[in-house]
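Chemist: Provided herewith is a single structure, encoded as structure tokens, for subsequent inquiry.
The values are calculated or read from the model by the stated rules, or taken from the named source; none is laboratory data. Keep in mind the model is a prediction, meaning the values are calculated, not measured. Note that we place each Cβ from the backbone using ideal geometry, even for glycine, and neighbour counts take in every protein chain shown. With ligands, DNA and RNA removed, areas are computed over all heavy atoms of the protein, side chains included. Shrake-Rupley method; radii C 1.70, N 1.55, O 1.52, S 1.80 Å.
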Amino acid sequence: MTDLPLTFRIKSFGCQMNVYDGERMSELLAANGMTATASDDADLVVLNTCHIREKAADRAYSDVGRLKRKDGSRPMVALAGCVAQAEGAEAKKRSQSVDLVVGPQAYHRLPEMVAQVAAGQRPVDTDMPAIAKFGALPPRRRSGPSAFLTVQEGCDKFCTYCVVPYTRGAEISRPFGDIVAEAQALVEGGAREITLLGQNVNAYADGQDGSGLDLLIRFIARIDGLERIRYTTSHPADMTGALIAAHGEVDKLMPYLHLPVQSGSDRILKAMNRSHSADSYLRTLEKVRAARPDIAISGDFIVGFPGETEKDFEDTLAIVDAVGYASAYSFKYSPRPGTPAASMEGAVEAHVMDERLQRLQRRLAEHSLTFNRATIGKDLTILIDRKGRLPGQMIGKTQWLQSVFVETDAKIGDMVEVTTTHALPNSLGGILRRPASQSDSKVAA
Ligand code: SAM
Ligand code: SF4
């Protein structure tokens, strides 16, 4: 028997869906009488892990081993997230320090499982009941200016490199009304921007009448006080005409689309079991740009997928140039146990992968800089979301998700008018836009 924890700390890794899950676990533990702390002295540490690449999964175990409180004792450790889902009871064998294992669909049971640990057990729950957790979580009360809201979970696409269909289960969508109510509560709690989340968010389909993401966005846009809507991550196959039309018609929907392509080579896309070709992806983007000409495109790339040749990789560089990404994430292929690609022949040598990743990232950085430079001198509205490092400096996001550094006495959550003055690959500097009679403030980036 140990004491029930009084304080807790949640450490989330990986995607935005984990950030959302971390917030919900925090609200749940607080509703059960525990206090959140950022200190290393927490009685309970929840490691909300990511399994997408080997490095991310290994990190979970090295973190478990390192957890110690100031007095040298170890906290109660909950292994949550996708590593917990993938490893289940194995995780307890791999590390004696793991006190409980809870999967992403079962964390509504966390308080009960913590009590079981205090009573001397080591519970494991990796059940995947369709969406049951949402009904068992406390209502949203407080929010920062920019909030995440999970609307869809799981994936049926089975890209050959990816663990998500195994760790997050089949595609399921939350009921429309529940999402609108949660969005309303987030806005009442302080949110001015909501990002709708899903592993394949644009596959969202309400269980009752099949309403899609486009309709959900149109409904949420009616909420007074909500200024900005975003969504991520999308699959090219689910970019419907209705969703594309919403980009041209819903003012609150920001002109930004994260649409991963993964590779520019049709041969590799086929081996990845992506259902698009390079050409069909470009045609989809043409339609999106016709609906919303100022839209910024972002993407994900994998280099070194088994069998990738120099020519395949050059096709990837070609699609990068054809699209002109505003921003992007790029990764070296990481074989994941149990996925079809893990047993494919033609492994790409590590040094070749390294070199390709560097070339790709250089090219992507050039495009980001070009995109950012094209916004210099524009009058933009930014949503302030954090403090900068310099005194008086704040950072806010443009409609295109660029970070702008500006000197201002505005507070987190304010929408501020700025003129952008200079650009780096990952940020912009700006000055406050003032009436002509007032002097300009200094540039701060
Ligand atoms: N559903 C999204 C889509 O269709 O593109 C992606 C979600 S996944 C969680 C995020 C990104 O991780 C993927 O787009 C892919 O680039 C990367 N990724 C997934 N599995 C990977 C692997 N085995 N090795 C390297 N990168 C991987
Ligand atoms: Fe993974 Fe995305 Fe492919 Fe689903 S669509 S298997 S989440 S990469």
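Chemist: Go over the candidates 32, 48 one by one and state the one that is open to solvent by less than 10 Å² (accessible area, probe 1.4 Å) and among the polar types (S, T, N, Q).
Modeler: 48
Chemist: Any idea which of (1) open to solvent by 10 Å² or more (accessible area, probe 1.4 Å); (2) touching an Asp or Glu at 6+ places or on another chain (Cβ under 8 Å); (3) within 13 Å of ligand 1 (Cβ to nearest atom) is the one residue 302 doesn't satisfy?
Modeler: The one condition residue 302 does not meet is (2).
Chemist: Follow-up question, since we're still on this one. Which of the residues belonging to the range 354-379 are open to solvent by less than 40 Å² (accessible area, probe 1.4 Å) and either hydroxyl-bearing (Ser, Thr, Tyr) or farther than 29 Å from residue 418 by Cα (or both)?
Modeler: 356, 357, 360, 368, 375 - these are the residues of the range 354-379 that are open to solvent by less than 40 Å² (accessible area, probe 1.4 Å) and either hydroxyl-bearing (Ser, Thr, Tyr) or farther than 29 Å from residue 418 by Cα (or both).
Chemist: Does the range 46-105 hold any residues that are within 16 Å of ligand 2 (Cβ to nearest atom), charged (D, E, K, R) and assigned to a helix (DSSP H, G or I), and which are they?
Modeler: The answer is 54, and nothing else.
Chemist: Only one of these conditions is not met by residue 95: (1) under 18 Å from residue 153 (Cα atoms); (2) surrounded by fewer than 19 Cβ atoms within 10 Å (Cβ to Cβ); (3) free of Cβ contacts under 8 Å to residues at least 60 places away in the same chain. Which number is it?
Modeler: (1)
Chemist: Please verify whether the range 124-136 includes one or more residues that are among the charged types (D, E, K, R), within 16 Å of ligand 1 (Cβ to nearest atom) and part of a loop (DSSP other than H, G, I, E, B).
Modeler: Taking every residue of the range 124-136 in turn, none turns out to be among the charged types (D, E, K, R), within 16 Å of ligand 1 (Cβ to nearest atom) and part of a loop (DSSP other than H, G, I, E, B).
Chemist: Could you list all residues from the range 20-29 that are open to solvent by less than 60 Å² (accessible area, probe 1.4 Å) and in contact (Cβ under 8 Å) with a residue 40 or more places away in the chain?
Modeler: 20, 21, 24, 25, 27, 28, 29
Chemist: Only one of these conditions is not met by residue 128: (1) over 28 Å from residue 269 (Cβ atoms); (2) surrounded by fewer than 20 Cβ atoms within 10 Å (Cβ to Cβ); (3) in contact with a Ser or Thr (Cβ under 7 Å, 6 or more places away or on another chain). Which number is it?
Modeler: (3)
Chemist: Now, a different point. Under the condition of being closer than 24 Å to residue 255 by Cα and within 16 Å of ligand 2 (Cβ to nearest atom), which residue from the range 317-344 is most open to solvent (accessible area, probe 1.4 Å)?
Modeler: Taking the candidates together, the pick is 329.
Chemist: Also, I was wondering about something else. Just checking, how many residues over the range 153-194 are surrounded by fewer than 22 Cβ atoms within 10 Å (Cβ to Cβ), under 18 Å from the mean Cα position of the chain (by Cα) and of a type in the set (S, T, N, Q)?
Modeler: Of the residues in that region, 0 qualify.
Chemist: Tell me, yes or no, whether the range 51-68 has at least one residue that is crowded, with 22+ Cβ neighbours inside 10 Å and modelled with pLDDT of 90 or more.
Modeler: Within the range 51-68 (the criterion being crowded, with 22+ Cβ neighbours inside 10 Å and modelled with pLDDT of 90 or more), the answer is yes, since at least one residue qualifies.
Chemist: Also: Kindly indicate the residue of the range 246-266 that is assigned to a helix (DSSP H, G or I) and surrounded by 16 or more Cβ atoms within 10 Å (Cβ to Cβ) and also nearest to ligand 2 (Cβ to nearest atom) among those meeting that condition.
Modeler: We begin by selecting, within the range 246-266, every residue assigned to a helix (DSSP H, G or I); these are 246-249, 266.
Filter once more, keeping what is surrounded by 16 or more Cβ atoms within 10 Å (Cβ to Cβ): 246-247, 266.
Values: 246: 21, 247: 21, 266: 17 Å.
Residue satisfying both the conditions and the ranking: 266.
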